[in-house]
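Asks: Next up is a structure, given as structure tokens.
Every number here is computed from the coordinates shown, using simple stated rules; none is lab data. Every value quoted in this text rests on a predicted model; they were computed, and no experiment measured them. Cβ: placed from backbone, ideal geometry, glycine included. Neighbour counts: every protein chain shown.
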There are 2 protein chains.
Amino acid sequence: MILNLLLTGNELMTGDIVDSNSAMIARYLAPHGWSIKKKLTVGDDLHQLIDALRWLASDCDALLVNGGLGPTVDDLTAQALAAACDVALVEQPDALEHLTQWCARLGIVLNAANRKQTILPEGCKLVANPIGSAVGFSMQLGRCLVVCTPGVPRELDAMLTQEIIPAWHTQFGAGEMLVQRFALFGIGESSLQQQISEAIPDWPTDVDLGFRAGFSQLDLKLTTTNPVARAKCTELIQRLQPVIKDFVIGEGETSLAAHLVQLLQENNKQITLAESCTGGSIAAALTQIPGASKVFSAGFITYSNAIKHSVLDVDNAVLNSAGAVSEPVVLQMAKGALQRSGADYAVAVSGIAGPDGGTEEKPVGTVWIAWGSIDNLRAQQMHIRFPRELFQQYVSCIGMDLIRRELRGITATPPYFRYRK
Amino acid sequence: MILNLLLTGNELMTGDIVDSNSAMIARYLAPHGWSIKKKLTVGDDLHQLIDALRWLASDCDALLVNGGLGPTVDDLTAQALAAACDVALVEQPDALEHLTQWCARLGIVLNAANRKQTILPEGCKLVANPIGSAVGFSMQLGRCLVVCTPGVPRELDAMLTQEIIPAWHTQFGAGEMLVQRFALFGIGESSLQQQISEAIPDWPTDVDLGFRAGFSQLDLKLTTTNPVARAKCTELIQRLQPVIKDFVIGEGETSLAAHLVQLLQENNKQITLAESCTGGSIAAALTQIPGASKVFSAGFITYSNAIKHSVLDVDNAVLNSAGAVSEPVVLQMAKGALQRSGADYAVAVSGIAGPDGGTEEKPVGTVWIAWGSIDNLRAQQMHIRFPRELFQQYVSCIGMDLIRRELRGITATPPYFRYRK
């Protein structure tokens, strides 16, 4: 099946919002073997929309339209589709029934603006919206099925999964695409690509290898549309293990924080944090995960020397002689946090996030991290040359990763230690 | 000037990355009065790229192409433009010179893959890339100027601001668009729209009023392309003041955290935090702002009752009788944090972020916030029915906003207190 996508809305043209709907759509379609050929975005202009519908519908089996179903005057999708198909706009009783029930459920009065959402191209089929006021609708335009959906992401999400994808399965048949994703931390895209090329020089042409580098996480994706290649995928994944095993934080969509919370739960261990330059970022990442309270009870954000001393019992003499960004200070911070919290593991971080505060000896980006348990605390210095926010995020990930490696029993030196000065 | 945009890359079609470049482009162009008419995205397919170039170039003055300039085989922009313009591909000496210097600067050897980036359509003009290896290039296709740029956001950013926009000013002339943005917190889009309609029923038709609702922040935008309307804008902004003054956290692009750090600095005050359900999110938000160390020295993440007692001196008897999510506990948390840190202001938060942990009396979403200085601590209960992550983010913003209001001397009840149970 060949599929095109039309996105509408002035806010997408002015940069006032970033389109994430089309990525959601593509990711929902991929496992069914359907991919998008062209994606066109235009503003709320009737003539442009009509042209766009006709142009996109001329070379595909299905055209998904997203946006422009709302109650205001700049929502023009129904009008444009009616014009492109050369039919009238009429009030659809089923759409009115949906809207009446929706208003009743929310206890609001159906007004004229909402009622506009029931005026749709004559002869269209409705597509149920399980959440919002705007129903979707579909219509043939030449040999192309045009399906119109609302721009609100969670409404689109519900309609795709509950209505559109099942209907397309019946109409177009599904492909056999197999997608297998791994989330990794601690290795870069080019370095992983090189190691995979060396480990598996005979990589088969019918299995695609893809990378998606987020800021601090790397996703690895194996894709095949060849049913016979499924067994190959399983074998490839086994052969990949020696290369990726130290870095894998999960399959599918996951995060380092989610993986660490899960590992701590499985091991019945608690973690505590003593954060200076990361300023609560590690704690915030962990506590975003449901169930974090089972593995985390106390975190200490100790920005100043006085607080490092009064809250975490760091020696004033050591603070004065070695400075706040130093091995003995992070070790004492970790020890203080462990003693105050009773946790099993600690991460302590002290560094210079910038843009100011660097010296010749300790330039911006210098950081000391201590980690481990009370009888096995270690510390490492690194120099991470990222802007403040990325520095904080990357250092936070390193902190979590060091405890992950501890719990997983990984003894190899982490690649990010190459940033030591 | 009529402008179209062509984005290329398989990763944009598969949903592996979300396109933020086009939003960046639109926002850079807007102040010059230039807007984008059509935005088309296609994968790395030569025939599709050639078709797309011809179709988009046929109805605009300038076509900006983004992506496909890299060193790998799936980077096809130069080849597609050469085919669309019916010219040969030739090695460009100036591009080779740029690349040679770029390699020398990074101390790397120029390889064949990189050298591909110097093979460009015959007769094109180079567009300097101040950062990366790939130069941009421009070429006439019919009456349309096609300008090709790299997909790496910071390279695109540098080329747009340093090269392309200045050149377009000369070639096309600039418009007179005036854009004035305000960032607000604590008021919703529909409520603000209604209050503005009531306060300024005679809103002029040549000044556009736009809203951009982020999750917890609302941006208000006044735009006009009419030079005569500039004076009107100034007058409108004055008339808007009574409606927006309590909610404005800044002009242009800003955040609540940045505004609060600045206010604290101006008032020479320090803040401390005692976070339970927000788990360090407030601290992380504040410490992302450069200079946060001047106004923040200590934060306490006290998830468990035992830690609330041992670290912040909350009475065990009160914890047992009132529960962790209660008025006396957040007041004692705030007091404990102020005493331990010596700060001037505190925010203390205790609540049930969910998805588990709710009871009939205190359902998921229940939260108590205490805020103020040691001699003027207050507390408020709310019930915020958002999923965990959004709950944490919104409650964190409320905490910061309460101190912002304190420092600004705003005495009106904040609208979010309507969420009290």
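Asks: What is the distance, in nm, between label points placed 7 Å from the Cα along the Cα-to-Cβ direction at B:GLU97 and at B:ALA199?
Replies: 5.7
Asks: What distance in nm lies between label points placed 7 Å from Cα along the C-beta direction at B:ARG54 and B:ILE108?
Replies: About 3.6 nm separates the two model spin labels.
Asks: Same structure again: For a quick protection proxy, order the peptides A:10-16, B:299-305, B:373-379, A:320-326 by their average other-Cβ count within 10 Å, most packed first.
Replies: Descending packing order for the listed peptides: B:299-305, A:10-16, A:320-326, B:373-379.
Asks: Express as a percent, rounded to the nearest 5, the fraction of DSSP beta bridges in the stretch A:56-202 (both residues included) that run antiparallel.
Replies: Bridges in the stretch A:56-202 are about 70 percent antiparallel.
Asks: Right, something else. Please give the helix A:229-244 orientation as an angle from the longest Cα principal axis of chain A, in degrees from 0 to 90, rounded to the nearest 10.
Replies: Rounded to the nearest ten degrees, it is 20.
Asks: Neighbour counts of other C-beta atoms within 10 Å: give me A:LYS269, A:LYS421, B:LYS362 arranged from fewest to most.
Replies: By the 10 Å Cβ count, ascending, the order reads A:LYS421, A:LYS269, B:LYS362.
Asks: Non-local amide H neighbours of B:PHE296 (under 5 Å, H modeled in plane, Pro and chain starts lacking H): which ones?
Replies: B:ILE271
Asks: Right, another one. Please report the relative contact order for the stretch B:2-172, taking Cα pairs under 8 Å with a sequence separation of at least 6, and give it as a percent rounded to a whole number. Spell out each step's value before the answer.
Replies: Numbers: 310 pairs, mean separation 40.5, N = 171.
With pairs under 8 Å counted, the relative contact order is 24 percent.
Asks: Return the single residue from B:THR149, B:THR278, B:THR205 with maximal mean-square fluctuation; model: Gaussian network over chain B, springs between Cα atoms under 10 Å.
Replies: Taking springs between Cα atoms under 10 Å, the residue moving most is B:THR205.
Asks: I'd like the mean, over residues of B:307-313, of how many other protein chain beta carbons sit within 10 Å of each residue's own Cβ.
Replies: Whole-number average of other-chain Cβ neighbours for B:307-313 is 3.
Asks: What residues have an amide H closer than 5 Å to that of B:PHE137, excluding those fewer than 5 places away on the same chain, when H is modeled at 1.01 Å from N in the peptide plane?
Replies: B:VAL127, B:CYS148
Asks: Still on this model: Could you tell me which GluC sites (Glu not before Pro) in the stretch B:50-141 are loop residues by DSSP with no more than 13 other beta carbons within 10 angstrom of their beta carbon?
Replies: Working: sites: B:GLU91, B:GLU97, B:GLU122; in loops: B:GLU122.
Answer by residue number: B:GLU122.
Asks: Still on this structure: Quick one: Karplus J couplings for the stretch A:77-89, per residue in order, coefficients 6.51, -1.76, 1.60, θ = phi - 60°, nearest Hz, x for Gly and Pro?
Replies: 4, 4, 4, 5, 5, 4, 5, 4, 8, 6, 10, 7, 9
Asks: Loop only per DSSP, at most 13 neighbouring Cβ atoms within 10 Å: give me the GluC sites (Glu not before Pro) in the stretch B:237-337, ordered by residue number.
Replies: Counting only loop positions with at most 13 other Cβ atoms within 10 Å, the GluC sites (Glu not before Pro) in the stretch B:237-337 are B:GLU253.
Asks: May I ask you to sort A:VAL347, B:VAL179, B:VAL73, A:VAL146 by Cβ crowding, counting other Cβ atoms within 10 Å and putting the fewest first?
Replies: B:VAL73, B:VAL179, A:VAL146, A:VAL347
Asks: Can you tell me the relative contact order of the stretch B:327-392? Whole percent, Cα pairs under 8 Å, sequence separation 6 or more.
Replies: For the stretch B:327-392, the relative contact order is 33 percent.
Asks: Still on this structure: Does a label point 7 Å from the Cα of A:ASP313, set along Cα-to-beta-carbon, have any residues of the stretch A:338-382 with amide nitrogen under 15 Å, and which are they?
Replies: A:338-343, A:374-375
Asks: What is the calculated FRET efficiency for A:ASN320 to A:ILE237, with r their C-beta to C-beta distance and R₀ = 60 Å, to the nearest 0.05?
Replies: 0.65
Asks: Turning to a different aspect of this structure: How many nanometers, to one decimal and shortest first, lie between the label point of B:SER20 and those of its other copies, if labels sit 7 Å from Cα toward Cβ?
Replies: Copy-to-copy label distances at B:SER20, shortest first: 1.1 nm.
Asks: Could you tell me the calculated FRET efficiency between A:THR413 and B:ALA213, based on Cβ-Cβ distance and R0 = 41 angstrom, to the nearest 0.05? Walk me through the intermediate numbers first.
Replies: Values: r = 47 Å, r/R0 = 1.14.
Approximately 0.30, to the nearest 0.05.
Asks: For the stretch A:205-279 and the stretch B:181-235, what is the separation of their C-alpha centers, rounded to whole Å?
Replies: 45
Asks: Which ordering of B:SER20, B:SER255 is given by a fewest-first count of other beta-carbon atoms within 10 Å?
Replies: B:SER20, B:SER255
Asks: So how far apart, in nm, are the two label points at B:GLU389 and A:ALA167 if each is 7 Å from Cα heading toward Cβ?
Replies: Rounded to a tenth, the inter-label distance reads 3.0 nm.
Asks: By the gyration tensor of its Cα atoms, with a ≥ b ≥ c the square roots of the eigenvalues, what is the shape of the stretch A:278-407: rounded for a/c under 1.5, prolate for a/b over b/c, or oblate?
Replies: Details: a/c = 1.69, a/b = 1.21, b/c = 1.40.
Here the stretch A:278-407 falls in the oblate category.
Asks: Evaluate peptide A:37-47: per residue, the Cβ atoms of other protein chains within 10 Å of its Cβ; return the mean as an integer.
Replies: Working: counts 5, 9, 9, 8, 9, 5, 5, 0, 1, 0, 0.
Per-residue shielding by partner chains comes out at 5.
Asks: May I pose another question? How high is the relative contact order of the stretch B:28-127, given as a whole-number percent (alpha carbon pairs under 8 Å, six or more residues apart)?
Replies: Relative contact order comes out at 26 percent.
Asks: What is the helix-to-structure angle for A:256-267, meaning the angle in degrees between its Cα long axis and the longest Cα principal axis of chain A, kept from 0 to 90 and rounded to the nearest 10?
Replies: With rounding to tens, the tilt is 60 degrees.
Asks: OK, next. Cut-off 10 angstrom, C-alpha nodes, Gaussian network model of chain B. Which of B:ALA174, B:ALA258, B:ALA104 fluctuates the most?
Replies: B:ALA104
Asks: Also: Using modelled backbone amide H atoms (1.01 Å from N, in-plane), which distant-in-sequence or interchain residues come within less than 5 Å of A:VAL90's amide H?
Replies: Here the answer is A:LEU120, A:GLU122, since their amide H atoms fall under 5 Å of that of A:VAL90.
Asks: Count, for each residue of B:286-292, the Cβ atoms from other chains sitting within 10 Å of its Cβ, then give me the mean as a whole number.
Replies: Partner Cβ neighbours, averaged per residue: 6.
Asks: Name the residue from B:ASN226, B:ILE244, B:LEU209 whose Cα lies farthest towards the positive end of the charge dipole of the stretch B:178-251, charges +1 on Cβ of Lys and Arg and -1 on Cβ of Asp and Glu.
Replies: The one lying farthest along the dipole's positive direction is B:ASN226.
Asks: Per residue of the stretch A:63-75, what does 6.51 cos²θ - 1.76 cosθ + 1.60 with θ = phi - 60° give for ³J(HN,Hα)? Whole Hz please, x for Gly and Pro, Karplus curve as stated.
Replies: Those phi angles translate into 10, 9, 9, 10, x, x, 9, x, x, 8, 5, 8, 8 Hz.
Asks: So, one more: Quick one: 3J(HN,Hα) in Hz for the stretch B:374-387, Karplus 6.51/-1.76/1.60 with θ = phi - 60°, rounded, Gly and Pro as x.
Replies: Ordered by residue, 3J(HN,Hα) equals 4, 9, 8, 8, 10, 9, 9, 9, 9, 10, 9, 8, 10, x Hz.
Asks: Please sort by residue number the chymotrypsin sites (Phe, Trp or Tyr not before Pro) in the stretch A:1-110 whose DSSP state is loop and whose Cβ has at most 13 other Cβ atoms within 10 Å. Each step should come with its number before you reach the end.
Replies: Numbers: sites: A:TYR28, A:TRP34, A:TRP55, A:TRP102; in loops: A:TRP34.
Loop-located and lightly packed - none at all.
Asks: Return one number: the angle in degrees, 0 to 90 and rounded to the nearest 10, between the long axis of the Cα atoms of helix A:327-341 and the longest principal axis of the Cα atoms of chain A.
Replies: With rounding to tens, the tilt is 70 degrees.
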